[in-house]
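Q: Starting off with a structure, shown below.
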Amino acid sequence: MTVWELFIAAVCLSMDAFAVSVCKGLSIGKTKAKHCLTAGIYFGIFQALMPLAGYLLASTVASRISGCSHYIAFILLALIGANMIREAIKGDEENRDSAMDFRTMLPLAVATSIDAFAVGVSYALINVRIVPAVLFIGATTFVISAAGVSLGSFIGGKFRKTAAIVGGSVLIILGIKILLEGIGVI
C-alpha cells in the first residue's frame, strides 16, 4: 500500500469523526483550543487503536486465508464504504450534545472508529506495515477532527453528507483496486 493510498484511506476513515466534530462545534458555539484538542485526541486515538486491534486479530488467521485475502479486503472495504454512503443518504443525525466529557466522547470515539477495525483486518490480509499505518491514520484523524470542531460553527451541516458519500465511494474504489490487484488484472 502506497503512502497516497494510506492517506486516502485515513481521510475516508476520519469522515465519521469529522462529522461528529462538526456537530460538536455547532453545539458548543464559540470553540476553544481545548475543544479541538479533546475531539482530536479521542477520535485520533480510537482511529489508531481499532485498525491495530483488527490487524492483530486477523494476523492470527491470515496465513490460513491468504489465497482469498483480496476478496475479503474488497468485501470489507466495499461494505464500509456502502454503509457510509447509506448513512449519509438516510440522513442519520449525529449526537448534537455539546458535552465533551469522558462519558460523552468515549462512545462517540468507539462508534466512529468501528469501521477502522474492519480496515485493520483487511490490512493484515494484504500485509500492510501496521505501525506506520495506524500512526498515520491516528494523526490524520486528530487533525481532521480538531479542525472539524472549529469549522462546525460556521459551515454548519452543509458538507457532512457530501463528505460521507465521497469517503464511502473512495473506500469502495480502494477495495476494487485491491481486488483487481489480487486477481492479477492490474
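Q: Can you put Met100, Met1 in order of accessible area, largest first, using a 1.4 Å probe?
A: Values: Met100 35, Met1 95 Å².
Putting Met100, Met1 in descending order of accessible area: Met1, Met100.
Q: Another question, if that's okay. How would Glu181, Glu87, Glu5 rank on accessible area, largest to smallest, probe 1.4 Å? Intermediate results must be reported in sequence, preceding the final value.
A: On the way: Glu181 90, Glu87 55, Glu5 25 Å².
Solvent-accessible surface, decreasing: Glu181, Glu87, Glu5.
Q: Not counting ligands, DNA or RNA, and with a 1.4 Å probe, what is Phe117's accessible surface area in Å² rounded to the nearest 10?
A: Phe117 has an accessible surface of roughly 70 Å² with all protein chains in place.
Q: In square angstrom, rounded to the nearest 10, how much accessible surface does Lys34 have for a 1.4 Å probe?
A: Here the accessible area works out near 130 Å².
Q: Next question, about the same structure. Using heavy-atom solvent-accessible surface (probe 1.4 Å) with all chains present, what is the largest-first order of Arg64, Arg86?
A: On the way: Arg64 185, Arg86 110 Å².
Most to least solvent-accessible, the answer reads Arg64, Arg86.
Q: Which option, (1) 1.02; (2) 1.28; (3) 1.34, is the value of Cα Rg over 2.2 N^0.38 Å that was calculated from these coordinates?
A: (1)
Q: Turning to a different aspect of this structure: Leaving out ligands, DNA and RNA, and with a 1.4 Å probe, what % of the accessible surface on the chain is carbon or sulfur?
A: Whole-percent figure for carbon plus sulfur exposure: 70.
Q: Rolling a 1.4 Å sphere over the protein heavy atoms, what is the accessible area per residue of the chain, to the nearest Å²? Let's see the in-between values first.
A: Numbers: 9010 Å² over 186 residues.
Per residue, the chain has an accessible area of 48 Å².
Q: Can I ask one more? What shape does segment 68-133 have by the C-alpha gyration tensor, where a ≥ b ≥ c are the square roots of the eigenvalues, rounded means a/c under 1.5, and otherwise prolate means a/b greater than b/c and oblate the rest? Don't jump to the answer; show the numbers that get you there.
A: Details: a/c = 4.22, a/b = 1.59, b/c = 2.66.
Oblate is the answer for segment 68-133, as a/c is 1.5 or above yet b/c matches or exceeds a/b.
Q: Something else: Do the sum for the chain: with -39,500 (n - 2.57) for every DSSP H run of n ≥ 4, divided by all residues, what is the mean residue ellipticity at 222 nm, to the nearest 500 deg cm²/dmol? Don't skip to the end; give the middle numbers.
A: Numbers: 8 runs with 151 residues, N = 186.
Helix-only estimate at 222 nm: -27500 deg cm²/dmol.
Q: Can you send over the solvent-accessible area of Phe102, 1.4 Å probe, protein chains only, in Å² to the nearest 10?
A: Roll a 1.4 Å probe over it and Phe102 shows about 120 Å².
The values are calculated or read from the model by the stated rules, or taken from the named source; none is laboratory data. Just so you know, these numbers come straight off a predicted model, no measurement behind them. Quick note on the areas: whole protein, heavy atoms, side chains included, nothing else; ligands and nucleic acids left out. Shrake-Rupley method; radii C 1.70, N 1.55, O 1.52, S 1.80 Å.
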